[in-house]
Amino acid sequence: MSDRRKEERLEVCLDAVWDGKSGNYIARVTDLSEGGCYVDTLGDAHVGEILSFKIQTPTGEWLELTGEVAHETPPLGFGLRF
């Protein structure tokens, strides 16, 4: 897959939760930039779907975001655009 993000990516390992059309799921964010992230999850999300998303920061606080699914790689996860 080509790198479509213009912003610098950071490799991370952050716990997350998300809500979509198919339900509520736990996840792990493994790649993060100002414009989006990659979400490792068994949950089912589809390109174009708008999700409510929370990432737990290293200090334990939760960052609440909304994003659009940019690409999907079932059953491994998806890319989310902020």
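The values are calculated or read from the model by the stated rules, or taken from the named source; none is laboratory data. Everything numeric here is computed off the predicted structure, so don't read it as measured data. Heads up, the Cβs are rebuilt from the backbone with ideal geometry, glycines too, and the neighbour counts pull from every protein chain shown. What goes into the accessible areas is simple: the full protein's heavy atoms, side chains included, and nothing from ligands, DNA or RNA. Shrake-Rupley method; radii C 1.70, N 1.55, O 1.52, S 1.80 Å.
Listing for the model above:
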{"item": "Selected residue (criterion: most open to solvent (accessible area, probe 1.4 Å)) from residues of region 41-66 that are within 15 Å of Tyr25 (Cα to Cα) and of a type in the set (Gly, Ala, Ser)", "result": "Ser52"}
{"item": "Index of the failed condition, Asp19 passing every other in (1) open to solvent by less than 90 Å² (accessible area, probe 1.4 Å); (2) charged (D, E, K, R); (3) touching an Asp or Glu at 6+ places or on another chain (Cβ under 9 Å)", "result": "(3)"}
{"item": "Region 26-40 - residue that is open to solvent by less than 60 Å² (accessible area, probe 1.4 Å) and either more than 9 Å from the chain's Cα centre (by Cα) or of a type in the set (A, V, I, L, M, F, W, C) (or both) and, of those, farthest from Leu80 (Cα to Cα)", "result": "Ala27"}
{"item": "Test: residue in region 57-76 that is assigned to a loop (DSSP other than H, G, I, E, B) and of a type in the set (A, V, I, L, M)", "result": "yes"}
{"item": "Criterion (part of a strand (DSSP E or B) and under 16 Å from Glu72 (Cα atoms)) met by exactly one of Ala16, Ala27", "result": "Ala27"}
